[in-house]
Amino acid sequence: MSWADFNHSLQLRILFQPPPKMIFINLGGNDMTACSMLRIFNWIHQGLDTLAAAYPDSYLVWCDILQRLHWGDTPEQNIVMESKRRRVNRFGRQQVRLHVKGEILIHDIDYQTPGFFRADGIHLSDVGLDMYLDAVRDKILSIM
């Protein structure tokens with residue numbers, strides 16, 4: 001899901017569903033190649049502000065955008081996108097610390113370990129997915 005989709009779907013959830021105890025935000029990877037950082041920053045700020053206002057008692061966990069083996073067709077594009085990913089993650093962490101009750105989920109999945117990814121270099125392999133879900137489980141247990 002992209003940030004634009006999230007902000008739209010959030011409006012419907014606020015109206016028709018009870019507040020969740022915990023919300024994991026795992027968004028932005030698909031926005032990285034198509035949107036400017038300013039646009040992504042605005043969506044993050046808007047989304048987190050909306051969550052904080054609508055669900056003041058919910059606990060929010062920012063999940064860092066994962067690295068990828070391939071962001072583009074050239075090594076230069078991969079370098080630029082990796083830098084952008086780090087900056088977006090830093091911004092998201094700062095926003096969570098400033099505006100909502102929450103924590104940060106930083107995982108050990110990196111592009112230097114190709115076994116974490118499927119052949120497309122974007123999606124997680126079974127091993128990478130198990131590592132990611134273990135990190136989510138550990139974060140839930142540490143909060144509860």
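The values are calculated or read from the model by the stated rules, or taken from the named source; none is laboratory data. Since the model is a prediction, treat every value here as computed from it, not as a measurement. Every residue, glycine among them, receives a Cβ derived from its backbone with ideal geometry; neighbour counts consider all protein chains shown.
How about the range 112-134: which of its residues are of a type in the set (Ser, Thr, Tyr), under 18 Å from residue 26 (Cα atoms) and more than 17 Å from the chain's Cα centre (by Cα)? Spell out how you get there, then give the answer.
We begin by selecting, within the range 112-134, every residue of a type in the set (Ser, Thr, Tyr); these are 113, 125, 132.
In the following step, the residues that additionally are under 18 Å from residue 26 (Cα atoms) were identified as 125, 132.
If the condition is that a residue be of a type in the set (Ser, Thr, Tyr), under 18 Å from residue 26 (Cα atoms) and more than 17 Å from the chain's Cα centre (by Cα), then 125 is the only one that fits.
Residues of the range 124-144 being exposed (fewer than 13 other Cβ atoms within 10 Å of the Cβ), under 19 Å from residue 68 (Cβ atoms) and not aliphatic (A, V, I, L, M), which ones? I'd like the intermediate steps shown before the answer.
First, the residues of the range 124-144 that are exposed (fewer than 13 other Cβ atoms within 10 Å of the Cβ): 126, 130, 133-134, 137-138, 141-144.
Filter again for under 19 Å from residue 68 (Cβ atoms), leaving 126, 130, 133.
Residues satisfying the conditions are 126, 130.
Being surrounded by 13 or more Cβ atoms within 10 Å (Cβ to Cβ), of a type in the set (Val, Ile, Thr) and at pLDDT below 90 is the filter here, so list the residues in the range 63-105 that pass it. 100, the sole residue that qualifies.
Only one of the numbered conditions (1) without any contact (Cβ under 8 Å) to a residue 40 or more places away in the chain; (2) closer than 29 Å to residue 141 by Cβ; (3) outside any helix (DSSP H, G or I) is violated by residue 107, and that is (1).
I'd like to check something: does the range 25-32 contain any residue that is surrounded by 14 or more Cβ atoms within 10 Å (Cβ to Cβ), closer than 17 Å to residue 99 by Cβ and of a type in the set (A, V, I, L, M)? Break it down stepwise before answering.
In the first step, residues of the range 25-32 are kept if they are surrounded by 14 or more Cβ atoms within 10 Å (Cβ to Cβ); the result is 25-32.
Pick out the ones that are also closer than 17 Å to residue 99 by Cβ and you get 25, 27-28.
From what is left, the residues that are of a type in the set (A, V, I, L, M) are 25, 27.
Yes: the range 25-32 contains one or more residues that are surrounded by 14 or more Cβ atoms within 10 Å (Cβ to Cβ), closer than 17 Å to residue 99 by Cβ and of a type in the set (A, V, I, L, M).
Given the criterion over 20 Å from residue 2 (Cα atoms) and not β-branched (Val, Ile, Thr), identify the matching residue among 101, 84.
Values: 84 fails: over 20 Å from residue 2 (Cα atoms).
Exactly one residue qualifies, and that residue is 101.
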